[in-house]
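Visitor: Next up is a structure, given as structure tokens.
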2 protein chains.
Amino acid sequence: MSETVTDVVVTPIAFPDPPLLKASDGHQPWALRTIVELRIGSELVGLGETYGDAPHLELVRRAAEAVIGVDPFDLADLYRRIAAVVGGSNVPDLHGLTGGSTAEKTLLRVYSPFEVAGLDLQGQLIGRPLWALLGGRARESVPFSAYLFYKWAGHPDGDADEWGEALDPAGIVAQARRMIDRYGFKSIKLKGGVFEPDEEIAAIRALRAEFPGYPLRLDPNAAWTVDTSIKVAHETDGLLEYLEDPTPTIEGMAAVAREAPMPLATNMCVISFADVKPGFEQRAVGVVLSDHHYWGGLRPSQRLAGICQAGEVGLSMHSNSHLGISLAAMTHLGAATPNLTYAADTHTPWQLGVDVLEHPLPIVDGAVIPPDGPGLGVTLDRDALARMHEDYQRCGIRERDDVGYMKQCRPGYEMRRPRW
Amino acid sequence: MSETVTDVVVTPIAFPDPPLLKASDGHQPWALRTIVELRIGSELVGLGETYGDAPHLELVRRAAEAVIGVDPFDLADLYRRIAAVVGGSNVPDLHGLTGGSTAEKTLLRVYSPFEVAGLDLQGQLIGRPLWALLGGRARESVPFSAYLFYKWAGHPDGDADEWGEALDPAGIVAQARRMIDRYGFKSIKLKGGVFEPDEEIAAIRALRAEFPGYPLRLDPNAAWTVDTSIKVAHETDGLLEYLEDPTPTIEGMAAVAREAPMPLATNMCVISFADVKPGFEQRAVGVVLSDHHYWGGLRPSQRLAGICQAGEVGLSMHSNSHLGISLAAMTHLGAATPNLTYAADTHTPWQLGVDVLEHPLPIVDGAVIPPDGPGLGVTLDRDALARMHEDYQRCGIRERDDVGYMKQCRPGYEMRRPRW
């Protein structure tokens, strides 16, 4: 049997996304993803999952052509091949991360699904779970947090979804109760930046009252000024395990961090290796939320974990709307990362049961156990993939544009960040 | 076939060490090492190589008992088992590194040969070279440097060795010529700290005259004060690619680094993960010389490589007297480490042809090609191992004591650091 990649399949898909609100915009009705399959012959398929926006998809397709023939065990060669066709491209991502777009970030974002798929193939070729290729199992299961969102009951032109409305503290507490009952999460994160800070502080207080002992986090996605951030930090002293991205830029975060009683976390100001030195030197962050989708896959995410450990900075994981391939990848990575110091984020509850996998990994007691099977240990549901590709064809969305969607839903809406 | 470790063999050995001089002491006639074999059944043997000093050997033996039954793919479990029996022990190493001894350093030093042997087993179990398990081949071959030493012709009570005397610039140039002719090295490092700085600067100038275009390095092993270091740094401006450990401590190095025109390298002040933050924040070093023997093996050394890359600090590799297992490990690691920014050190030429391997890896054109075979790709020469174990039994040395040896050879000698 050949042990080099013989075929690569890139499939853009769409799946329904509830009207989750964040930093003053809202999720569009469809989330886009791209599924990457690295194949060896007709039997072996390595899986990766990435963003679905058109400019990114175009680069992923270009990369796909370049990796035919690669030995999946030579990830350095995989990287070189992709760098050769993508290197130099500078495509901003469309998911609300800040920091200027660079060629390095673009390349790592394109490389990521191929790296994950390559590792999945490695595991399948040797009959070992992926955590074994990432240094062993530092923990039996990987804890995730309940990721709460303010939301409308449904999209303006659609029915209410199963989660219903959450636009005030009572709605948020009810959402948390339902999510915790269903998945057993043991920590809670509220996506903020939607309402005035006082309103969101009230929601945090309501969560604290209802869930004593649960670590709480608040993430306004840089919706606040430095002064507002410092004020909120003082008012939530003792309530939050961390405050996430209250304000934009490393400099802004550093100014808040000097005054805030709790650590600041980020997936908006330290989001590439080039940001580490300035971010750490300025003590802008106490926790990095890593994300293998833009840090270049699982091994580079491990590199980031080592950097955080040496810098005495905590580590958790960030999440965008994603499906089960990414959840499996995050789980193996988390299982093999000793210094994953906080429960990770996941959008899994917001998928509304939709997935591209035959058997999505269950979240039980707020944690996911990495599967024992080879590689990622998950299998594509090809019928679901075909359906979701049809949805992609039909939905008409080619680039994520939450701000545009918000303007359409709320005439007169304007994006401002910081807003308060 | 079982795929867990069924047996562990720990063999202390000794091999002849030429009278190499350094920071005002000299190598004893025998170098001690310990060979660790992790076995699965009667066929598979994973190899590791570490220090041979009695207190360390005792901990290695304790660790050996604890790892029977481990899955070599679960390095996290391997680490936990060794931490359980070694954790908390604080045994200073005897190889002239500075910085206080800590339990963390002790544990990583004991863990290292097991980690390398575990990775060797992984590679053998899956039929892949070790670089494939370390992220792929970033380079075809790994460059090493010509590592020059001032030396006596022979030990006081013995004959001259094949390398003969080198006690002045002409002797050093002749040694370099012979070593480069034999191995093809393309860069040169002089171990200094033996004579007054002016004498060693003269040797560097002589090397520059004889080998124009060869990067040069000087390593006085912290024999100098801050003031002397700054003076030498200015006098060697334009001559050295880096100046290695001119003076002790992170603070001392930082004071030199502020004035020195070239980067400072270290294997004496940033030698554990806990040193990284203070060392980098104080900008004490421009290059870290990693060493898998005390950084905890190959994957932790990769972690260090990632930390250096993010910190915009260069990376090379340090060497103590070692044999071919360690050379193979360094070669696979170097092949898989994109940011190995300088040729690595090796004592291989000083082994005088002695090794524990059936087919030691050749150094050709100053570089070593990682073998294609599974794992490390090297095989123990059991006759040689037995002979070297007998030498260990006979030689009477149980702990490295270069200072004691120097006192014996040169009555009235006193260890002082810094000396100039």
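Visitor: How well do other chains shield peptide A:124-137, expressed as the mean number of their Cβ atoms within 10 Å of each residue Cβ?
Guide: 5
Visitor: Using the crude model of +1 on Lys and Arg Cβ and -1 on Asp and Glu Cβ, and no other charge, please compute the dipole size for chain B relative to its Cα centre, in debye to 20.
Guide: 520 debye
Visitor: For chain B, what is the relative contact order in percent, using Cα pairs closer than 8 Å and at least 6 residues apart in sequence?
Guide: The normalised contact order for chain B reaches 22 percent.
Visitor: Given the options A:Gly373, A:Gly118, A:Gly296, state which has the largest fluctuation in a GNM of chain A using a 10 Å cut-off (strictly under) for Cα springs.
Guide: In this elastic network of chain A, the residue with the biggest mean-square fluctuation among A:Gly373, A:Gly118, A:Gly296 is A:Gly373.
Visitor: What is the diffusion coefficient of region B:236-353 in µm²/s, taking the Kirkwood radius over Cα pairs and the Stokes-Einstein relation at 37 °C with a viscosity of 0.692 mPa s?
Guide: Rounded to a whole number, D works out at 226 µm²/s.
Visitor: What ranking of A:His95, A:His359 comes out by heavy-atom accessible area, probe 1.4 Å, highest first? Write down the numbers at each step before the final one.
Guide: Details: A:His95 25, A:His359 140 Å².
Largest accessible area first, the residues go A:His359, A:His95.
Visitor: Starting from a label point 7 Å past Cα on the Cβ side, list the distances from B:Thr379 to the same position in the other copies, nm, shortest first.
Guide: Those separations, rounded to one decimal, come out as 4.1 nm.
Visitor: With only alpha-carbon atoms counted, please give the Rg and Dmax of region B:165-323, in Å.
Guide: In order Rg, Dmax, the Cα atoms of region B:165-323 give 15.6, 43 Å.
Visitor: Give the separation of the Cα centroids, region B:96-154 to region A:248-302, in Å.
Guide: Computed from Cα coordinates, the inter-centre distance equals 31 Å.
Visitor: While we're looking at this one, here's another question. Across region B:53-191, what fraction of all alpha-carbon pairs, as a whole percent, falls in each successive 5 Å bin from zero upward?
Guide: 2, 8, 13, 11, 10, 12, 15, 14, 10, 4, 1, 0
Visitor: How do A:Tyr147, A:Tyr413 stack up against each other in accessible area, from largest to smallest, with a 1.4 angstrom probe?
Guide: So, going from the largest accessible area down, we get A:Tyr413, A:Tyr147.
Visitor: Same structure again: Just to be sure I understand: of the beta bridges DSSP finds with both ends in chain B, what percent are antiparallel, rounded to 5?
Guide: Antiparallel: roughly 55 percent of the beta bridges in chain B.
Visitor: Also, I was wondering about something else. Calculate the mean, over all residues of peptide A:151-160, of how many other protein chain Cβ atoms lie within 10 angstrom of the residue's Cβ.
Guide: What the average comes to for A:151-160 is 0.
Visitor: Could you tell me how many degrees, from 0 to 90 and to the nearest 10, lie between the Cα long axis of helix B:54-66 and the main elongation axis, the longest principal axis, of the Cα atoms of chain B?
Guide: 30 degrees
Visitor: Would you work out which of A:Ile363, A:Leu125, B:Ile307 lies farthest towards the positive end of the dipole of the protein assembly as shown, given +1 charges on the beta-carbon of Lys and Arg and -1 on that of Asp and Glu, about the Cα centre?
Guide: Result: B:Ile307.
Visitor: Lys and Arg at +1, Asp and Glu at -1: add these up for the other residues within a Cβ distance under 9 Å of B:Val70 and post the number. Let's see the in-between values first.
Guide: Working: positive: B:Arg81; negative: B:Asp71, B:Asp74, B:Asp77.
Here the count lands on -2.
Visitor: Can you tell which of B:Arg394, B:Arg81, B:Arg62 shows the greatest fluctuation in a Gaussian network model of chain B with Cα springs below 10 Å?
Guide: Per the Cα network of chain B with a 10 Å cutoff, B:Arg394 tops the list.
Visitor: Now for a separate question. How far apart are the A:Ala202 label points across copies, placing each 7 Å from Cα toward Cβ, in nm, shortest first?
Guide: So the label point of A:Ala202 gives 8.4 nm to the other copies.
Visitor: Leaving out ligands and nucleic acids, and using a 1.4 Å probe, what accessible area per residue does chain B come to in Å²?
Guide: Heavy-atom accessible area per residue stands at 34 Å².
Visitor: Right, something else. Leaving ligands and nucleic acids out of the surface, order A:Asp391, B:Asp53 by accessible area at 1.4 Å, largest first.
Guide: A:Asp391, B:Asp53
Visitor: If you build the convex hull over the alpha carbons only and average its shadow over all orientations, what do you get for chain B? Give it in nm² to one decimal.
Guide: Computed as one quarter of the Cα hull surface, the answer is 18.2 nm².
Visitor: Here's another thing I want to ask about it. What nm distance separates the two modelled labels at B:Thr341 and B:Asp7, each placed 7 Å from Cα along Cα→Cβ?
Guide: The two pseudo-label positions are separated by 4.7 nm.
Visitor: In A, who owns the beta-carbon nearest the axis carrying A over to B, and how many Å from it?
Guide: It is A:Ile126, 2, counting Cβ atoms only.
Visitor: Moving to a separate point now. Contour minus end-to-end for B:Ser89 and B:Ala202, with contour as 0.36 nm per residue of separation and end-to-end as the Cα-Cα distance?
Guide: Gain in length upon complete extension: 36.2 nm.
Visitor: Also, I was wondering about something else. If you take every DSSP beta bridge fully contained in the protein assembly as shown, what fraction is antiparallel? Give it as a percent rounded to 5.
Guide: If we restrict to bridges inside the protein assembly as shown, about 55 percent are antiparallel.
Visitor: Roughly how crowded by other chains is peptide A:70-77, in terms of the mean Cβ count from those chains within 10 Å of each of its Cβ atoms?
Guide: Average per residue, whole number: 6.
Visitor: Which trypsin sites (Lys or Arg not before Pro) in region B:238-344 pass both tests, a DSSP loop state and at most 13 other beta-carbon atoms within 10 Å?
Guide: B:Arg258
Visitor: Set the Förster radius R0 to 56 Å, insert the Cβ-Cβ distance between A:Ala54 and B:Asp168 as r into 1/(1 + (r/R0)^6), and round the FRET efficiency to 0.05. Before the final figure, lay out each step's value.
Guide: On the way: r = 70 Å, r/R0 = 1.24.
According to the calculation, E is roughly 0.20.
Visitor: With viscosity set to 0.692 mPa s and temperature to 37 °C, compute the Stokes-Einstein D of the protein assembly as shown, Rh being the Kirkwood radius across alpha carbon pairs; µm²/s, no decimals. Present the calculation step by step, with values, prior to reporting the outcome.
Guide: Numbers: Rh = 28.5 Å.
Rounded to a whole number, D works out at 115 µm²/s.
Visitor: Give me the distance between the Cα centres of region B:191-227 and region B:356-372, rounded to whole Å.
Guide: 29 Å
Visitor: Checking the table A:Lys22/A:Lys105; A:Lys277/B:Lys189; A:Lys277/B:Lys22 against a 26 Å threshold on Cα-Cα, which pairs fail?
Guide: Distance filter (> 26 Å) returns A:Lys277/B:Lys189; A:Lys277/B:Lys22.
Visitor: If we hang a label 7 Å off Cα along the beta carbon direction at A:Ala84, how far is it from the matching labels on the other copies, in nm, shortest first?
Guide: Sorted ascending, the copy-to-copy spacings read 4.8 nm.
Visitor: Follow-up. Got a sec? Which residues of region B:287-308 lose 20 Å² or more of accessible surface with every protein chain in place, vs. that chain alone, 1.4 Å probe?
Guide: Hits at the 20 Å² cut-off: B:Arg299, B:Arg303, B:Gly306, B:Ile307.
Visitor: Leaving out ligands, DNA and RNA but keeping every protein chain, what accessible area does A:Thr50 have, in Å² rounded to the nearest 10, with a 1.4 Å probe?
Guide: 0 Å²
The values are calculated or read from the model by the stated rules, or taken from the named source; none is laboratory data. Note that the structure is a prediction, hence the values are computed from the model and not measured. Backbone-built Cβ (ideal geometry, glycine too); neighbour counts: all protein chains shown. For accessibility, only protein heavy atoms count, side chains too; no ligands or nucleic acids. Shrake-Rupley method; radii C 1.70, N 1.55, O 1.52, S 1.80 Å.
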